[in-house]
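Below are the structure tokens for one structure; questions will follow.
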Amino acid sequence: MANEEPLKLIEKCHAPECGMLYALNQEISEEDFEKVKPYMQKYTPASFEDVMKISGNPNGWMCTLENAPKVEEILGITETLEKIAADRQIQKEEFDKERGKKEKAQLELEEIFFSAKRPKQKLSNLLKAAQIVYDPTNSFRDNNYYGGGHLFIIMKNSIWYIMNNGREENNWNMNNIEIEEAGGAIGFKIPYDEHVHDLIKLVSDENEYSGDTYKEPEFDSTGGSCGI
């Protein structure tokens with residue numbers, strides 16, 4: 001089966017005396033190898049001054065960063081190290097920009113919710129009545145058992161921000177949200193607002209709560225959903 005990945009140089013080994021060394025990601029013909037051989041070297045652990053300072057695989061044919069452009073030019077490699085580095089920089093800048101937007105949105109949400117009302121309620125009732133529940137980075141799904149995690153619960157007429165506060169070291173007296181068989185949570189409630197909903201979508205990547213770690217209580221006809 002033919003290798004569908006384009007031919008390129010990949011990081012293989014690093015040593016203090018020569019920096020990063022690069023190897024081809026697939027075999028090439030003997031004819032092509034003879035063309036690039038002058039710019040590559042066959043390394044073994046004995047090729048380096050201190051084998052304990054080597055990272056990666058020190059065995060095989062590799063080239064230095066200085067000789068990499070020559071190897072790439074001879075073999076007609078389009079996915080060059082320079083291009084890969086440029087693409088990574090663009091991705092990093094886009095990631096940093098997106099992260100900045102999320103951090104700004106999170107700060108705005110905290111400013112809105114931390115001054116909001118904190119009525120008592122059962123999480124089970126909130127989840128039953130919710131139109132949609134966002135779980136940023138699956139924090140509640142993965143940490144609810146340990147008393148951590150956050151949820152944004154979108155109702156028809158309100159939005160709740162739930163901060164799990166059920167760890168043993170937490171102050172449970174602050175909790176106004178009852179969680180079955182757990183310490184509880186702090187919940188903030190505001191009237192539904194489309195702008196706030198948009199901020200929540202941004203910070204949560206619209207990741208919905210799966211409910212995997214939450215144990216649903218039996219239906220309590222007296223519990224109701226009054227006040228949600």
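Exactly one of (1) at pLDDT below 95; (2) in contact with a Leu (Cβ under 9 Å, 6 or more places away or on another chain); (3) of a type outside the set (S, T, N, Q); (4) surrounded by 15 or more Cβ atoms within 10 Å (Cβ to Cβ) is unmet by G149. Its number?
Checking G149 against (1) at pLDDT below 95; (2) in contact with a Leu (Cβ under 9 Å, 6 or more places away or on another chain); (3) of a type outside the set (S, T, N, Q); (4) surrounded by 15 or more Cβ atoms within 10 Å (Cβ to Cβ), the one that fails is (2).
Residues of region 152-202 being open to solvent by 30 Å² or more (accessible area, probe 1.4 Å) and of a type in the set (A, V, I, L, M), which ones?
Correct list: M163, M174, A182, L202.
List the pairs whose first member sits in region 200-213 and is more than 17 Å from K102 (Cβ to Cβ) and assigned to a loop (DSSP other than H, G, I, E, B), whose second member is at pLDDT below 95 and open to solvent by 100 Å² or more (accessible area, probe 1.4 Å), and whose Cβ atoms are under 9 Å apart, counting only residues at least 6 apart or on separate chains?
Qualifying pairs under 9 Å: T213/Y145.
Quickly run through region 67-83 and pick out the residues that are acidic (D, E) and either touching a helix residue (DSSP H, G or I) at 6+ places or on another chain (Cβ under 6 Å) or closer than 13 Å to A23 by Cα (or both). Steps first, please.
Taking region 67-83 and keeping what is acidic (D, E), we get 72-73, 79, 82.
Matches in region 67-83: E72 only.
Still on this model: Quick one: count up the residues across region 80-108 that are open to solvent by 60 Å² or more (accessible area, probe 1.4 Å), closer than 22 Å to E5 by Cβ and aliphatic (A, V, I, L, M).
1
Taking K156, is it part of a helix (DSSP H, G or I), among the basic types (K, R) and out of contact with any helix residue (DSSP H, G or I) (no Cβ under 8 Å at 6 or more places or on another chain)?
Details: part of a helix (DSSP H, G or I): no; among the basic types (K, R): yes; out of contact with any helix residue (DSSP H, G or I) (no Cβ under 8 Å at 6 or more places or on another chain): yes.
No: the conditions fail for K156.
Could you grab me the full set of residues in region 47-65 that are open to solvent by 80 Å² or more (accessible area, probe 1.4 Å), more than 34 Å from the chain's Cα centre (by Cα) and at pLDDT 95 or above?
W61 - this is the single residue of region 47-65 that is open to solvent by 80 Å² or more (accessible area, probe 1.4 Å), more than 34 Å from the chain's Cα centre (by Cα) and at pLDDT 95 or above.
Could you tell me whether E11 is of a type in the set (D, E) and not in a loop (DSSP other than H, G, I, E, B)? Don't jump to the end; show me each part of the working.
Details: of a type in the set (D, E): yes; not in a loop (DSSP other than H, G, I, E, B): yes.
Judged against the criteria, E11 is a match.
The values are calculated or read from the model by the stated rules, or taken from the named source; none is laboratory data. Keep in mind it's a predicted model, so treat the numbers as computed, not measured. A quick note on method: Cβ atoms are made from the backbone with ideal geometry, for glycine too, and the neighbour counts reach across all protein chains shown. The area values use the complete protein model at the heavy-atom level, side chains included, leaving out ligands, DNA and RNA. Shrake-Rupley method; radii C 1.70, N 1.55, O 1.52, S 1.80 Å.
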